[in-house]
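Single-structure report; data block below.
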Amino acid sequence: MIKRLAWRVATLESARQETPTAKTLVLDVPGWPGHLPGQHVDVRLTAPDGYSTQRSYSIANASAGDRLELTVQTVDDGEVSPYLTDVLEPGDQIELRGPVGGWFVWRPHSSPPVLLIGGGSGIVPLMAMVRSRGKADTPFRLLYSLRDPGQLFYADELEKVKAGVEVAYLYTRIAPPDAGRAAGRLQTADLIAYGWPPETGPDVFVCGPTGFVESAADLLTALGHDPAKIRTERFGPTGG
Amino acid sequence: MGIISRAFHGRPREPDAKLPPGQYLVHDFPVLSAGPTPRVPLDRWEFSIDTAEGPVHRWSWEEFLALPQETPTVDLHCVTKWSKFGTGWKGVSLDVLMEDVESAAEYALAYSYGGYTTNLPLEDLLDGKAWVVHEFDGEELEPPHGGPARLLVPHLYLWKSAKWIKGIRLLNEDWPGFWETAGYHNYGDPWREQRYDGD
Amino acid sequence: MDYQDGNALAGPLSEIFSLDVTVAQGKCAACGLRGPLAQLHVYGPDPGLVARCPSCEEVVLTLVRGPNDAWLDLRGSVSLRIPIAE
C-alpha cells in the first residue's frame, strides 16, 4: 500500500470580501509545511452521507506559518465555491491537500524580471508571487485583465504596492474614465506597453480561464518570448 | 472517509428505486470530456462497419439519414454515478446497419472521430439494444453530446455509447478500448455495478 | 471543451509519487515533444484525468481513481526525466 499525501484539516479563522462574488478565506492549518508562490491546494468537502467532492484553489498569500489564504470566486450553480463563500463560517473545518504543483511557481531567489499576466481570478497565484517578492530586487510587471472595476481583487493592496512592481489594469468590458486604455481584450499592444521586451528574458506566468491563457500565450510567443519561459495555469471546467 | 463539512450536502442527489446500485438521478445532462470536441463537417462524415480486412459497409450522411429511423426512449447511467431517465433519441438501429453483414466475429470495437474507442461483445449491439443516433430531444445532436452522431447502448454505462462515432470494427478477439485499458471495467453493466477493472 | 494544465495533476499524482512528478520532463510518444507534465493539457477530472500533448493532442497519460485503487497509464510517454537533486 502506498502512503498518500495526507489530507489536512483546516479551520476557517476569518474571511474578507474581495468583490460581491469573491472572498478570501483565511485558514489555520496546523503543521502546514509552507509553500511557494503559485502553488495550489486541493480542497475536499464531505457530506454526512459520505458523498465527497474536490476542487483546486490557488494559494493567495506568501508562506507564513500555519496560515493559508485562498481567494474563491463564487461560481453560479457551483457545488463547492458557493459553500466556501456563503456557508462556511469561522470555526468550520474543511480538508485540504497540499501544497501541490512545483512548476507554476516563482522562486524568490531567481533573478530575471518577472511578467505576470492574470485574467479574472487568475490574479490569485500571481498575487502570492507579488506578496512573496518582499524586498527582492527582481522587478515585476503585472498585467491584470478584468471585466470591470467591480471585479477587482486586492484593490487596496495593489494600490499601495511597493516600488519594483508595476501594475497595469486591462479592463475588458467597462473601463473607468482614467484607465488610459479603452475597454477590450488583452492584445499585443498591451504586452508591448506594459510588459517586458522579450530580449530581457523575463520569467512569464500566465493564469486565467482557458481561452485567456491560450490567447495570451499565443501573443507572447508571436512577440518573440521564449515558449520555454512561459508558464501557464488554466482554470478548467471543474464546475466550481 | 474524511471529516464531515458542516452543512455541506453537495448537489442534490435523488435516490430512486428504479436506479441501478450507487446511482443518483439528475435532470440536467452533464458533459464529460476526455479531449477536444471533434468538429465533423457533414459532407465529410461517414460511418463504417468494417473488419480487420477492411470496410464492409460505408454510409455518407445522406445515406445514413435515408435508412429506417427509430426513436428510442431510454434511461442513461454514467459510471460517474449520475443517471437520467427517459431520454429521447432518433437514429438507426444496429440491427439495420448490420443487416447483411456476414461475420463470425464475437466482439466489436466502436471507434470515433478524435480517436476514442470502446469495446463490447457484438451481441450487445444487436436485437434492439443499440443505435447510432443523431437527434436528442427532437433537436440535432450537439457536438458536446457526441454530434453529428453517437452510439447509444443504454444497457451499459454511458462510456460505451461512444460519442462522435466513425465506425464499428468486428473482431474475433476482444480489444479493450480507451477507458477499458485505463482502469474501467471491460463490460460495464450498471445493474451489477461493474465500474472499475476487477469489480 | 475547456481543459486545464498539467499543474492540475500535481494533487492526484501526489497520491502515487513521493516526488512532484509534474516538474518531470516527459517526451510525447507520438510527436516527440519534450516538456514538463505541468504543461500538458488535462481533461477531466471525470471519469478520469486525461493528459494530452499540447502540440499533437495525443494522450500522454491517464489517471483513473476508484474508491480503493488508482490506475495510472503512461501510454503516450516515452520517458520521464525526474529531477531528484536535494
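The values are calculated or read from the model by the stated rules, or taken from the named source; none is laboratory data. These numbers come from a predicted model, not from an experiment. Here the Cβ is made from the backbone with ideal geometry for all residues, glycine too, and neighbour counts use every protein chain on show.
Of all residues in the stretch A:87-99, one or more are touching a residue at least 60 places away in the same chain (Cβ under 8 Å), on the phi > 0 side of the Ramachandran plot and of a type outside the set (Val, Ile, Thr).
The residues on offer are B:154, B:176, and the sole one that is within 13 Å of chain C (Cβ to nearest Cβ) and either in contact with a strand residue (DSSP E or B) (Cβ under 7 Å, 6 or more places away or on another chain) or touching a residue at least 24 places away in the same chain (Cβ under 8 Å) (or both) is B:176.
Take the residues in the stretch B:10-59 that are away from chain C (no Cβ under 14 Å) and β-branched (Val, Ile, Thr), then tell me which one is farthest from residue C:3 (Cα to Cα). Top of the filtered list is B:56.
Kindly evaluate residue C:47 against the criterion of being within 27 Å of residue B:146 (Cβ to Cβ) and either buried (at least 17 other Cβ atoms within 10 Å of the Cβ) or of a type in the set (S, T, N, Q) (or both).
The answer is yes for residue C:47.
Among the residues of the stretch A:177-214 satisfying the criterion of being surrounded by 16 or more Cβ atoms within 10 Å (Cβ to Cβ) and aliphatic (A, V, I, L, M), which is nearest to residue A:125 (Cα to Cα)? Looking at residues that are surrounded by 16 or more Cβ atoms within 10 Å (Cβ to Cβ) and aliphatic (A, V, I, L, M), I get A:206. Within the stretch B:7-24, the only residue that satisfies the criterion of being surrounded by 15 or more Cβ atoms within 10 Å (Cβ to Cβ), farther than 19 Å from residue C:45 by Cβ and modelled with pLDDT under 90 is B:9. Picking from B:158, B:141, B:125, B:109, which residue would you name as being more than 22 Å from residue B:40 (Cα to Cα), among the hydrophobic types (A, V, I, L, M, F, W, C) and modelled with pLDDT of 95 or more? So the residue among B:158, B:141, B:125, B:109 that is more than 22 Å from residue B:40 (Cα to Cα), among the hydrophobic types (A, V, I, L, M, F, W, C) and modelled with pLDDT of 95 or more is B:125. In the set (1) buried (at least 17 other Cβ atoms within 10 Å of the Cβ); (2) not polar (S, T, N, Q); (3) not in a loop (DSSP other than H, G, I, E, B), the condition left unmet by residue C:78 is number (1).
The requirement of being within 14 Å of chain B (Cβ to nearest Cβ), at pLDDT 90 or above and part of a helix (DSSP H, G or I) is satisfied by residue C:12.
Kindly indicate whether residue A:30 is more than 19 Å from residue C:13 (Cβ to Cβ), more than 19 Å from the chain's Cα centre (by Cα) and touching a residue at least 12 places away in the same chain (Cβ under 8 Å). Spelling it out, residue A:30 is indeed more than 19 Å from residue C:13 (Cβ to Cβ), more than 19 Å from the chain's Cα centre (by Cα) and touching a residue at least 12 places away in the same chain (Cβ under 8 Å). Scoring residue A:174 on the criteria (1) crowded, with 16+ Cβ neighbours inside 10 Å; (2) touching a helix residue (DSSP H, G or I) at 6+ places or on another chain (Cβ under 9 Å); (3) modelled with pLDDT of 95 or more; (4) of a type outside the set (Lys, Arg) leaves a single failure, condition (1).
Does residue A:14 fit the bill of being among the hydroxyl-bearing types (Ser, Thr, Tyr) and buried (at least 22 other Cβ atoms within 10 Å of the Cβ)?
On the way: among the hydroxyl-bearing types (Ser, Thr, Tyr): yes; buried (at least 22 other Cβ atoms within 10 Å of the Cβ): no.
No; evaluated as a whole, the condition is false for this residue.
Scanning the stretch B:154-178 for residues that are under 12 Å from the mean Cα position of the chain (by Cα) and of a type in the set (D, E, K, R) returns B:160, B:163. Within the stretch B:60-107, which residues are buried (at least 17 other Cβ atoms within 10 Å of the Cβ), among the hydroxyl-bearing types (Ser, Thr, Tyr) and more than 30 Å from residue C:66 (Cβ to Cβ)? The answer is B:93, and nothing else. All of C:7, C:68 fail the test of being assigned to a loop (DSSP other than H, G, I, E, B) and not hydroxyl-bearing (Ser, Thr, Tyr), apart from C:68. Residue check: is residue C:51 under 9 Å from the mean Cα position of the chain (by Cα), closer than 20 Å to residue B:37 by Cα and modelled with pLDDT of 95 or more? Considered against the rule, which asks whether it is under 9 Å from the mean Cα position of the chain (by Cα), closer than 20 Å to residue B:37 by Cα and modelled with pLDDT of 95 or more, residue C:51 comes out as yes. Would you confirm whether or not the stretch A:9-22 contains a residue that is within 21 Å of the chain's Cα centre (by Cα) and outside any strand (DSSP E or B)? Checked the stretch A:9-22: at least one residue is within 21 Å of the chain's Cα centre (by Cα) and outside any strand (DSSP E or B). Selection of the stretch C:15-57 for residues being at the interface with another protein chain (Cβ under 8 Å from one of its Cβ atoms) and of a type in the set (Val, Ile, Thr) yields C:16, C:22, C:23, C:42, C:50. Listed by first and then second residue, the pairs linking a residue in the stretch B:77-88 that is facing chain C (nearest Cβ under 10 Å) and at positive phi to a residue that is at pLDDT below 95 and buried (at least 18 other Cβ atoms within 10 Å of the Cβ), with Cβ atoms under 9 Å apart and 6 or more places separating them unless they lie on different chains, are B:81/B:23.
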